[in-house]
Amino acid sequence: MKKLVLLIVVSLLLTVLCATEIGLEESIKLAQENNKEIQAAGYSLRSANWGKFDAFSNFLPRAYFNSAIVRIDDDSFEMANAPIQIPGLGLEFPAMFPIYRTTYSNNITIQQPIFNGGKVILGYQLASLAKQQVEIALENKELDTSYAVASTYFGYLKLKDIQELTQKSLLSSISHLGKVEKNYEVGTAKNSDVLQWKVKLNNDKTSNYKVESGLTELLSFWRSLIGVEDKIPAKIKLEKYNIEIDNYAALNENKINELKQEFLKKVEINSPTLSSIDLANKMMKKSYCMAKGNFLPSVNLQFDYQFESDDEFDFSGDDNWNLVAAVSMPLFTGGSNFSKVKQAKYDLMKTKKQTEYAKENYLTAAENVYNKLITNARIVQDRKLALELAEENHKIINQLYEQGMVTNSELLDAETMLFGSEMNLISSYYDYILTKFEMKKYKGEMEE
């Protein structure tokens, strides 16, 4: 028994000495700096920035330098350059349009789009919306990661507090078992009493082992999220939440509904998820307009300046230039334009219905989280009272047991009730805290 007590004390000391404690705010900061998913989302944003620039470049002219070398076969060269003979007169004249065997051509072409059915403008607007969507995705990823860090952080602290209770219960079982065994030796206790405490001791050992295993798993996951291996979550004082818990628990129905509506308004305004839903609708509307633009004409300008076309590559040949204004009006495309408009229209209607459904579900989930906060605040108060009663009951049973007025089973029941009440209260505190952070996530904020 003494070895077991010593092992518990040593394990607690090692946990404290082998790692540095950090708070939740620092944990979230480390996660946002080191988390690979957030880093990947950051690269996506950079890509979207360049995508927007690429869409903007469609407004600008395109300039090309073109160079060509053309060599014709001998027969074609001789035919093209053969003198023109007039039959019967014996006269011949040189070829009117002689050509070179090898021709070097160099020119510069500049193209400027004027109007293409609104596709350039809409394309740029779509690229801007796509960038906003990536920004929101990055914000959502940061919120998800921050909430994962917070939930793991508090989950670890919750198990840590429960571990203290299991170890306390374990030490209590060891102490009671020792007393009962001594009483059994002198004939003042039954063998069944000894067996009951041995069963409880074994259960406490198993509970302690499960908690330690859970702590190891949570700590490993938390460290993976923040990208650091030598840190542990810093303890918090649960009592600091008592005032706000009491305030929430004391709210009447009218005040609850009023505060709930204020919360839902903040969710509608600030939630990245709802912003992403709105963007999806906007992007589909732009796509629909782009599809309708296929019926409109296209107007483009092209300037071509040729500064060489001769038999030597010396950039000193004859020059010429031309300016072309091209107008293209689609008349019939086999029904392709019409089918694209119809397809875009129904895609827009589908997206609108899907986003309406998603928004309704999201706001319903947000409302449920707020209701859960009120419920959890009231549960904390109820479990405080339950613990007070369990402590009083345990105190009375212990006094009666010392006087021989209650059985060993009643003492065991009092021990179990006290341990369960303490565990329930700790769990309810952390349930309340996690619900608070879940509400912050819905509002698009994760600060403490």
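What distance in nm separates the simple spin-label points at GLU37 and ALA249, each placed 7 Å from Cα in the Cβ direction?
Once both label points are built, they end up 3.5 nm from each other.
Out of all DSSP beta bridges with both ends in the chain, state the antiparallel percent to the nearest 5.
Looking only at bridges with both residues in the chain, the antiparallel portion is about 90 percent.
Give the distance, in whole Å, between the Cα centre of the range 347-414 and the Cα centre of the range 125-139.
Measuring centre to centre over Cα atoms gives 41 Å.
Between LYS265 and GLN112, what FRET efficiency comes out of the Förster formula 1/(1 + (r/R0)^6) with R0 = 56 Å and r the beta carbon distance, rounded to 0.05?
So the FRET efficiency works out to roughly 0.70.
Before rounding to the nearest 500, sum -39500 (n - 2.57) across all DSSP H runs of length at least 4 in the chain and divide by the residue total; then give [θ] at 222 nm in deg cm²/dmol.
Taking each H run of at least 4 residues, the total per residue is -24500 deg cm²/dmol.
What does the convex hull of the Cα atoms come to per residue for the range 83-235, in Å³?
Taking only Cα atoms, the range 83-235 has a hull volume of 333 Å³ per residue.
What is the percent of Cα-Cα separations in the range 208-267 that go past 13 Å?
Tail of the P(r) past 13 Å holds 76 percent of the pairs.
I'd like the orientation of helix 2-17 relative to the chain: the angle between its Cα long axis and the longest Cα principal axis, in ° from 0 to 90, rounded to 10.
The helix 2-17 is inclined about 30 degrees to the chain.
Can you sort ARG71, ARG101 by solvent-accessible area, 1.4 Å probe, largest first?
ARG71, ARG101
For TYR305 and GLN343, what is the calculated FRET efficiency with R₀ set at 35 Å and r taken between the beta-carbons, to the nearest 0.05?
In this case the efficiency is close to 0.25.
Grab the eigenvalues of the alpha-carbon gyration tensor for the range 28-77, scale each by 5, take roots, and send me the semi-axes largest first in whole angstrom.
Three semi-axes, in Å: 53, 16, 6.
If you consider only alpha-carbon coordinates, what radius of gyration and Dmax does the range 401-448 have, in Å?
Gyration radius and largest Cα-Cα distance of the range 401-448: 19.5, 60 Å.
Once you put a point 7 Å from the Cα of LYS350 and another 7 Å from the Cα of ASN371, both along the Cβ direction, what distance in nm separates them?
Here the answer is 3.3 nm between the modelled labels.
Using a 1.4 Å probe over the heavy atoms of the protein chains, calculate the carbon and sulfur portion of the accessible area of the chain as a whole percent.
57 percent
Could you report the accessible area of TYR100 in Å², rounded to 10, computed with a 1.4 Å probe on the protein chains as they sit in the structure?
Here the residue's solvent-accessible area equals roughly 100 Å².
If you count only protein heavy atoms with a 1.4 Å probe, what accessible area per residue comes out for the chain, rounded to a whole Å²?
60 Å²
Per the Kirkwood definition applied to all pairs of different Cα atoms, how many angstroms is the hydrodynamic radius of the chain?
About 30.4 Å for the chain.
Could you give me the percent of Cα pairs per 10 Å distance bin for the range 229-364, shortest bin first, beginning at zero and ending with the bin that holds the maximum distance?
Binned Cα distances yield the sequence 9, 16, 15, 15, 14, 11, 9, 6, 4, 1.
Over every pair of different alpha-carbon atoms in the range 306-417, take the mean of 1/r and invert it; report that Kirkwood radius in Å.
That comes to 24.1 Å for the range 306-417.
Describe numerically, in nm with one decimal, the distance between label points set 7 Å from Cα along Cα→Cβ at ALA325 and at PHE56.
2.9 nm
How high is the FRET efficiency from ARG46 to ASP144, r the C-beta distance, R0 30 Å, rounded to 0.05?
0.90
Suppose accessible area is computed on protein heavy atoms with a 1.4 Å probe; arrange ASP311, ASP75 from highest to lowest.
The residues order as ASP75, ASP311, largest area first.
Can you tell me the mean projection area, over all orientations, of the convex hull of the range 306-349's alpha carbons? Units nm², please.
Directional mean of the projected Cα hull area for the range 306-349 stands at 6.7 nm².
Which order do ASP74, ASP318 take by accessible area at a 1.4 Å probe, largest first?
These residues rank, largest area first, as ASP318, ASP74.
Counting Lys and Arg as +1 and Asp and Glu as -1, each charge on the Cβ, what is the dipole of the range 84-235 about the Cα centre in debye, to the nearest 20?
Dipole about the Cα centre, nearest 20: 480 debye.
The values are calculated or read from the model by the stated rules, or taken from the named source; none is laboratory data. The shown structure was predicted, so the numbers you read here are calculated from the model rather than taken from an experiment. Backbone-built Cβ (ideal geometry, glycine too); neighbour counts: all protein chains shown. With ligands, DNA and RNA removed, areas are computed over all heavy atoms of the protein, side chains included. Shrake-Rupley method; radii C 1.70, N 1.55, O 1.52, S 1.80 Å.
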